[in-house]
Every structure is written in structure tokens, then in C-alpha cells.
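Just so it is clear, none of the values below were taken in a lab; they were calculated from the coordinates. Computed from a predicted structure; not experimentally measured. With ideal geometry, Cβ positions are generated from the backbone for all residues, glycine too; neighbour counts draw on all protein chains shown.
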């Protein structure tokens, strides 16, 4: 008899086919993996793989998954508004506590719903130590409304509200890193991830779901129309973000910035692939290749981010 | 045995919340309502109320947490006023649209600018289209009773809409009055446990709440809210009856005072009703045929009761602490809707007064009566009248 190996990722599905996301959608991969990871964590912790509920901010993944009378969700799921997923999740968690229900609440928002309009509610939820995992799928702009810049849009990127022009290089502010803001709340667990490393993301979601108290995961999830990329390149680009040093993978526990754990970090601090490899595949950065000083500025910002994280790096 | 205690309106609201046993309360401090969450947190701290009290970072999150809790299937309560209620505005529509029977206590207060912490009804009146039922209390006892009534009506399966109970800032929120606190067992019997069939977040039976409604479905969802609000008319009356049987106090959609032979009827809401009763007594002694009426339920608007009231009067004077710029007082506009197709109707006059905590005095009420008398005698008067304005500083 053949021994059947347990698959590295559970075969249980909570994100059903038939949702209306674009072909090659990065956030759709996030939904699938995140719920699977949650399920495994709940099974290990409570013996019930279904012991979770999802509270979703308004945004692409909400819109494509819950068009009445259909749903893509095989888990209890609620959407309330754009800016309040963390607050609504606080209420769900409190209710579950009083109902004596075991499990954890998964709040999901995009970068607009998290870094901008939902930041206050997020801070409140983290500070109050609700037993909620907040998952920020970061596609680096307001994609649902048609690609407007958010505070999580990276330097140099084209969006419809940060167009390059005679007096503009595109987005002119550095990316705001919500994971660092979340970590400053000294919550049990904060991590960054990318769908370019699904196993790393899966492990981190499991960890986030397993800890007692709030956790925050910021996952890079490329957007096909928003980033001007071919639909088959989503994962490749998300992988390049890690390999070029542009997207640090890290974990911060209890706000301990002195003991950040890094993943996929080169031992010598030298990233092998240039960020140009990442930028070149994306239409949103096309104009930068006419402005090498802007690419240099982006590299400087990334190096500075690594320095703040405690790492000196070299970017080719 | 029911216990009598002297307490502020805010304490009465907190007591009502305690008696209703919500499982989740989320609130944020705001004058004049702050004492409600303070008192509730004491109840929770002392183990007298077994609830999760979420100390949120804004009113927006207060109502959002209540939506989350209610959608998860438990009774939820909050309290706010003024700017806090305005900040909740967006989510109020959602709570109603998702059919979540949340109850909220409001210390009725003005809206900025200028910033002003005192009483009028602009906060709740401005939320009249959100799909929340609205009750207005004349005194602290009513504040307590109406919160219990609001839960009962809101959770009725024919309704399933949220409700707000307003009581005037400072005049009631900070003024002590004797209040009868009903027995817990009787309240338990009256309200029962909240076990929703439509809203829960249970892994054993996963459902999706808060879907996107395309043009093919949106309008029907809104119509169902309309229908629920219409159903609430009868349910409220049933609950008023049941409340009287259980607790001995009688409530009406519109409560009348000396209206039988009145030529002029003064209609108002909230604590001003108490002032009007005294004023009517005084005018009656002077031989003026005048009566008063108090609207306890503003949403659903008591259309039939307004029609019945209007039949008794030659002048229906509406005294209200709010203004809808460009038209007049909201109650005046609503009462006009109730009477528009009546063959015979009284002269309707609007009196906007008491904004931002301006005291409503007998002198002002005399002015109301003078204008109403002129109208009665066929003289042309303004339909919208601002009463008690300090003309010297305009």
C-alpha cells in the first residue's frame, strides 16, 4: 500500500470557483491561501478547521466574491463598509466571546482600506487586543475604483492620480509600510509576505491565526490591470519583488524591532537581481526607464527601509 | 418589586441597557452622552452586566462594532449624540439595510458649526432617512422604558430594524428625576433572548452578509426596509400594549393633552412636551382653547395619528428643535405629508425654537400662540417662524 503524504497545503477550499476576479489576480490567490492556512491553524488549535469568520472591507475581493445572490465564500463572511473591517471584526470577536464560540476572526482589506481610510479602525482593533488577524492584501493602489494612488503606492509608480508628466515622475512619495505601524502596537505577531513565496505566506498566515490576540499580515499581491502586467506574470513578479530586495520578508513579534526575523534574506546582504528586473515587467514603471535618477531614488528608499529594519544591503 | 431611584437621563439609559442584557456594547465618549458608557462600564466592572464592552476609538467604530456583533447574532447597544451620530451616518444605513436590530441611546444635541454641546434634535432628525426607528423621550422614565420598547420592536421578525431613542441633552441627560427600574425577571419575560434567524456568523452554517446588490436586486432590498418600517407601526402599538400590561405605563405614537375642544394644538417631541402641558394649563385658565400633543415615535412617522390629531384642531402649531435648511422644520414637512390629501385640514404652522440649548420660555410660547391666533382669525402669517431669536445681534 502506498503511503499517502499529507499535502503541504490543505485541500479544503473556502474560496470557491466562480468569483469574478480577473485572470491572474494576485489578491484572489491571497484569498485562497489565507483561508486554507486559517483552516489548518484552527484545526490544530481547536480541532475544528472551520472555526473562523471573515470580515471584509469594501474592495476588489469583496466585490468579486459576493454579488447577490451568489457567494464565493464557504465560511461565515460579512462585509460592512470600506474603512471599518477592523472595527466590525472587533464586534464579531466580542460576540463570539460571549457566545462561547472558539475560533478566530479574519479581517481582510486592501491597501486603500488599510493604509488609508481604515488605519484608525485598524489601530483601535490592534490596541484593544482583539483576537483578530488583519490581512492586508497590498496591490499598491485603489484598484477597485480604477487604479488611484494610495499611501501604499510605491515611489515612481504610475496610477491614474499619480500620472507621470512633464512635472511628474509618477508617485512622488515613498511607500508607507503599514506592517511597521502595526508592529509599533506591540501586538503578538506582524509579518510581511508575498504570493511570490506561497509557502512562506502560508506559514505566516498559520502563525498569525495561531497566536492568541491580534496579528497583522501584509502580503504583496500584484494586480494585473493596475500594474499593467500580463496575467501569467503575477507570481513571477511577486517573486522578483523578494529577490530584488524591494519587498522585505520579515516577522516582528510583540513589537520587538531589535529581533526582527527575516526570510529569504541573502547572507551577505547583497541582492543578486537588480530591481530593474522587477520594474521592467510592469507597465506602471515603464516611464522610469527614461529617468534613471528616479530608479536610483527608489533604490535609496529601499536601502533606507532595510537600514531601519537593521540591515545594510547592496542593491545591484 | 420595581425599585425607584433618583437618576439622570443618562443613568436611566444605562439601566435600560443593563436590563436588556446586550452581549456587546461599543461606545465612545461624547457630551452629553458620556455618562451612559461610563455607567455601563461600572455595571460590567462590578459583574452586574455580563457583556463585552468595547472601548472603541471613534463613533464610526462604535456602530461598526455593533454591526459586527449584531451580524454575529447577539444583542448590541451603543450610545452617542451630535457629531458622534453624524460620524456614524454611513454605517446607520448599513445597519438598517442589513436588518440588524441594534439599539442606540442619543442625548439629543445640536450639530456644529458653531460647536455647541446643548440640546436640540438636529442630530437624530438628520438621520431620519437611514432606516432607523426613532423614539423621543419626555423624561428619564421614558428614556428607560423606550429603550426596552425599542429592543422589543427592533427584534420583532416583522421589523428587524435598528432603533434610536432620543432624550434631550442636559434637560434630561444631566437632570435627576425619580425613575422606576423594572424587575429584571419581568424585563427578561418582556424581551426574551435574542436568537436571530437571519443574521449570524456561525461556522456550522456559513452565510454571506453584506453582499453587493446589483440594479436587479438593490431596489427590492430597499423596499424590504420600507415594508419593515411600515410593519413597525402595528408592532410598536402591540409592544406599547404589552409594555403597559407588564409595567403599567402607557405609551402612544402621539400622546394628546387637553385636545378635545382645542382650536390650537401645539405638537412637539421630547422634554418640551412637559413644558407645553404646563403652558396649556396656564392658557386654559385664561380661557384659551388650546391643547398639546407629544410625538413619541418619529420614525415610522405616525401618519394616521397626525390625521386624527389634525381633525381636532383649527391650527396645528409644530414646535421643533431642528431645521432643514431651505424648507423648514422636519416635523412640519412630515406632518404636511400626512395631511396633504386630507379634504379638511387645519392651518399648519412651524415654529423653530430652542436650537443649541436656547431655553424655551413661556414668553416664546406666548408668541407661538399669538401667531397661531392671528392665523385662526384669518390673518396672513409666516408658515415658518423662528421663535426666540435675538434680533439685536443678527
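Okay, here's what the table says:
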read-out	value
Gaussian network model of chain B, springs between alpha carbon atoms under 10 Å - residue of B:140, B:341, B:108 with greatest fluctuation	B:341
Candidates B:360, B:331, B:36, ranked by Gaussian network fluctuation over chain B, Cα under 10 Å, top entry	B:360
Tensor-based shape of chain A (alpha-carbon gyration tensor, a/c under 1.5 rounded, otherwise prolate or oblate)	prolate
Cα gyration tensor shape for the range B:306-394, rounded if a/c is under 1.5, else prolate or oblate	prolate
Top of B:218, B:257, B:136 by mean-square fluctuation, Gaussian network on chain B, Cα under 10 Å	B:218
Translational diffusion coefficient (Stokes-Einstein; Kirkwood radius from C-alpha pairs) of chain B at 4 °C, 1.567 mPa s, in µm²/s	61
10 Å Cβ neighbours from other chains, averaged over peptide B:271-277	0
Spatial separation of Cα centroids for the range A:121-180 and the range B:215-235, in angstrom	38
Value of [θ]222 nm, deg cm²/dmol, for the protein assembly as shown, DSSP H segments ≥ 4, -39500 (n - 2.57) each, nearest 500	-11500 deg cm²/dmol
Order of B:390, B:222 under a 10 Å beta carbon neighbour criterion, fewest first	B:390, B:222
Helix B:303-312 vs. chain B, principal-axis angle (Cα, 0 to 90°, nearest 10)	20
Averaged over B:209-219, number of beta-carbon atoms from partner chains that fall within 10 Å	5
Cα gyration tensor shape of the protein assembly as shown, rounded if a/c is under 1.5, else prolate or oblate by comparing a/b with b/c	prolate
0 to 90° range, to nearest 10: angle between helix A:234-243 axis and chain A longest Cα axis	70
Between 0 and 90°, nearest 10: helix B:362-376 axis offset from chain B longest Cα axis	60
Residues A:134, B:251, B:298, sorted so that the one with the fewest Cβ neighbours within 10 Å comes first	B:251, B:298, A:134
Antiparallel content of DSSP bridges confined to chain A, in %, to 5	25
DSSP beta bridge pairing in the protein assembly as shown, given as percent antiparallel to the nearest 5	25
Per-residue average of Cβ from other chains inside 10 Å of A:49-60	3
Order by protection proxy (mean Cβ within 10 Å, highest first), peptides A:236-244, A:192-200, B:6-14	B:6-14, A:192-200, A:236-244
Protection-proxy order for peptides B:210-217, B:163-170, each taking the mean of Cβ atoms within 10 Å per residue, highest first	B:163-170, B:210-217
Residue exposure sequence - A:60, A:22 - by fewest surrounding Cβ within 10 Å	A:22, A:60
